[in-house]
Amino acid sequence: QLDELARRLDVSTSTVRRDLEQLEARGLAKRTHGGAVLQDEPPIDPSQSNVALAARMNEHVQQKQRIGSVAAAMVQPQMTVLLDGGSTVVYTAQKIVARPIQVVTNSLAVAGIFADDDQVELLVIGGNLYPRTGVLVGSIATGCLADLHADVLLFSLAGIFGNEAFNQNLMMAQVEQAMLRQAVVSMMLMDSSKFGRKSLARVC
């Protein structure tokens, strides 16, 4: 039932409804009157966009949801919030209840969460689409960010090693560095599996 799912996940029924629509589109669930039934999971199609994000959304789910609840509670009405496209950030975006707010993102998944909310002023950063995660990167993205200001940045990366944080894609790292420069407060949202790991590009 929608109400029960919303209560257990601590999100609105409209968020549950949108998520169920996405699950049904992926063949993972079949919507019923007032709820949904799980389907057998099909094999991932490597040609499908956002496959990397979809896979990460199914890893360490409880940790990511708990991190998301804490981070979402830091967002207050009237704030401008900058969000990247990591899986923990997507869980966080689903839990943000403060309204009205401005949301700036380079993530198609995050944009979809707020697209129909008339209490959210949504700005999607342009750029080249990185299809594995559904984020926009490149010089257009960093150029757009240069003129913006945010009260808080919520972002996640591929790993932390010592006092350095890394991402797996150079262009994604450059966008996140631009985001860091434009935000008053930056919160890195990462579950424990990311600690002790290095990746291609040092972000901060």
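The values are calculated or read from the model by the stated rules, or taken from the named source; none is laboratory data. Everything quoted here is computed from the prediction, not taken from an experiment. Just the protein is used for accessible areas: all its heavy atoms, side chains included, with ligands, DNA and RNA removed. Shrake-Rupley method; radii C 1.70, N 1.55, O 1.52, S 1.80 Å.
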Going residue by residue through the range 59-71, the Karplus relation 6.51 cos²θ - 1.76 cosθ + 1.60 with θ = phi - 60° gives ³J(HN,Hα) values, rounded to whole Hz and with x marking Gly or Pro, of 10, 6, 4, 5, 4, 5, 5, 5, 4, x, 5, 5, 5
Net lengthening on full extension, ALA6/ARG66 (0.36 nm per residue, minus Cα-Cα):
20.1 nm
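Restricting the count to DSSP beta bridges whose residues both fall in the range 50-180, what percent are antiparallel, rounded to a multiple of 5? Write down the numbers at each step before the final one.
On the way: 7 of 19 bridges.
Bridges in the range 50-180 that DSSP calls antiparallel: roughly 35 percent.
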Can you compute log10 of I(q)/I(0) for the range 67-171 with the Debye formula, treating each Cα as one identical point scatterer, at q = 0.11, 0.13, 0.19 Å⁻¹?
-0.32, -0.45, -0.97
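Would you mind working out the accessible area per residue for the range 115-204, using a 1.4 Å probe, and quoting it in Å²? Let's see the in-between values first.
Numbers: 4560 Å² over 90 residues.
Result: 51 Å² of accessible area for each residue.
Which of rounded, prolate or oblate describes the range 118-204 when judged by the alpha-carbon gyration tensor and an a/c cut-off of 1.5? Mind showing how you got there, number by number?
Values: a/c = 1.80, a/b = 1.44, b/c = 1.25.
Cα axes put the range 118-204 in the prolate bin.
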